[in-house]
1. Can you work out the base-10 log of I(q)/I(0) for the chain at q = 0.14, 0.15 1/Å, using the Debye formula on its C-alpha atoms alone?
2. Can you compute 3J(HN,Hα) from phi for each residue in region 70-84, using the Karplus curve 6.51 cos²θ - 1.76 cosθ + 1.60 with θ = phi - 60°, rounded to whole Hz and x for Gly and Pro?
3. Treating region 164-236 as a set of equal point scatterers at the Cα positions, no solvent, please give the Debye-formula log₁₀ I(q)/I(0) at q = 0.11, 0.15, 0.23 Å⁻¹.
4. How big is D, in µm² s⁻¹, for region 97-236 by Stokes-Einstein at 10 °C and 1.306 mPa s if Rh is the Kirkwood radius over C-alpha pairs?
5. From the P(r) of region 196-235, could you give the percentage of C-alpha pairs in the tail past 13 Å?
6. May I ask you to work out the translational diffusion coefficient for region 133-197 at 37 °C, viscosity 0.692 mPa s, via Stokes-Einstein with Rh from the Kirkwood sum over Cα pairs, reported in whole µm²/s?
Amino acid sequence: MSIAFAVPESAVWRDELWDTILDLSALLDEGSWVLVGGHAVLAHALAHDRDCELVSHSVRPLGRLVTTASAMPTVIRCLRELGFVLEGTSIATEFRFSRLPERGSLSDLPQQWIVDVTGVTSLSGGDQALERCEPRGASKGLRAPSVPLPSLLASIVYEAAQFGSSTTEPFVHARNAAFLVSFVHNPIGARQELTPDDRRILRALDAAVGLRQHSVWSRLPIDPDAFIRWKLLLAE
């Protein structure tokens, strides 16, 4: 498989998280999980040679993935092999794992992963992300595994769904969605791939950020046409 993107030697905790992502890619079966959230957005940015500093991210070393109920025991086993400990569940919607920083690490925060299970947890957009997974080759040093990512359109829908369900930082997801829209070269063609549920999720986001002067669009100086792409994607 050709290399789709290269992981740069970047911010401290991002580098550590990418090591875990590549570890999981080597340990887990293709089709059993998908990377979502900020690191999926970052991967799309890297694949499109865009400025990764525009990707919104948590100040904590936090990653997120979606898996199936049948694959969850294997995910737990693999994370434990990598040194992670299951902290428990949060309102029966997510499984959270953490690992203390390694000796010599520049980060003094534990690395955390949130695992959502399709059909069990209530993660908005997670089912669509797993169903529309497109493995991408990723390189970091001598390593070059295949990382399962949601398609570009599925990532936009996922971030829009998270905007509608997040109670802490919803506009982080709105900014991520807007950033991803700037990668859509043919919004009219992409519109044909939207399901009725996709349209409902995207229109809910549009109700909040549907004006050109909204900050999620005005902060995209590299692509002033992103707002037009968004409106073409939503057109009837």
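1. With one equal scatterer per Cα and no solvent, log10 I(q)/I(0) is -0.89, -1.03.
2. Running phi through 6.51 cos²θ - 1.76 cosθ + 1.60 with θ = phi - 60° gives 5, 8, 4, x, 5, 4, 4, 4, 5, 5, 5, 4, 8, x, 8 Hz.
3. Listed by q, the Debye log ratios stand at -0.25, -0.46, -1.10.
4. Numbers: Rh = 16.7 Å.
This corresponds to a translational diffusion coefficient of 95 µm²/s.
5. Details: 401 of 780 pairs.
It works out to 51 percent of all Cα pairs.
6. Numbers: Rh = 13.4 Å.
The calculation lands on 246 µm²/s.
Readers should treat all values here as calculations from the given coordinates under stated rules, not as data from a laboratory. The structure displayed is predicted, hence computed values, not measured ones.
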